Amino acid sequence: MLLNSKGNKHRRPSKAVRIATLAGVTGAAIAVPLMGATGASAASVSTWDAVAQCESGGNWSINTGNGYYGGLQFSQSSWAAAGGTQYAARADLASKAQQIAVAEKLLDMQGPGAWSCAGAGNLSNDGVDPGVDTGSSAPKAESAPKQESAPAQQAEPKKAERTEAPATNRSDRSTAPEAEKKTVTTPTGEKVKKGDGEYKVVTGDSLSRIAADHKVKGGWQKLFKLNKDILKDADMIFPGQQLHLVK
């Protein structure tokens, strides 16, 4: 783990780190002058692998939320001071090669004591160029959590169109039986008024016979007059008609 000013095992930052911090370069992609360096400092990839194994278990993308990032456990201020933000906002977002390149600069600025695990990898300014390829210098953006696409909404089954039979006029339906009750059908198929009198005409009847049988005063003429609302002709009466015999 890198030692910074927030830890109990504080090692006084080099002059270069102090100047970088005072200038407010945390998170800025700038080149840091190698002030106070006694000469080119470098370590082999295998040496950095050994340090990373001790610092983070060799996980170059680790971010446990403890304030140290990546395989070599850079603090954010150390990462920025050594120019790491030219590659990515934090060390865990940079590649292994980029982290080693930044570590080389920090080694040159602060020496092996910048890492608590320096002894595990025998880290020293051995002058061996790791020869890493840092690739693009464009900052690496944090990957946003992948959003699951909403499940496609299934089309709602089309409701069958309701086909209704043409509406029958209610008055027609209700009055039809009533009309049937108020008429009788003649032998020719004609419908005539039935009437609501007390005598029901049967086959063979005539007004004169009915008047005689029921002793209607005024004879058939009176009977015709009493039922003129349903009779059009005195000689034309039909079975089923109901005649009034008295007023």
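The values are calculated or read from the model by the stated rules, or taken from the named source; none is laboratory data. Nothing here was measured: the structure is a model prediction, and the numbers come from that model. What goes into the accessible areas is simple: the full protein's heavy atoms, side chains included, and nothing from ligands, DNA or RNA. Shrake-Rupley method; radii C 1.70, N 1.55, O 1.52, S 1.80 Å.
My understanding is that a pair violates if its Cα-Cα distance is over 23 Å; which of LYS181/LYS222; LYS193/LYS247; LYS191/LYS228 do that in this structure? Intermediate results must be reported in sequence, preceding the final value.
On the way: LYS181/LYS222 26 Å; LYS193/LYS247 19 Å; LYS191/LYS228 16 Å.
Table pairs above 23 Å Cα-Cα are LYS181/LYS222.
Roll a 1.4 Å probe over the protein chains and send me the accessible area per residue for region 36-105 in Å². Walk me through the numbers before you get to the answer.
Working: 2240 Å² over 70 residues.
Value returned for region 36-105: 32 Å² of accessible area per residue.
I'd like to check one number: the per residue accessible area of region 191-237, probe 1.4 Å, reported in Å² as a whole number.
Numbers: 3290 Å² over 47 residues.
Value for region 191-237: 70 Å² per residue.
How large, in percent, is the carbon and sulfur part of the accessible surface of region 186-229 at a probe radius of 1.4 Å? Display every interim value, and only then the final one.
Working: 1650 of 3120 Å².
Reported share for carbon and sulfur atoms: 53 percent.
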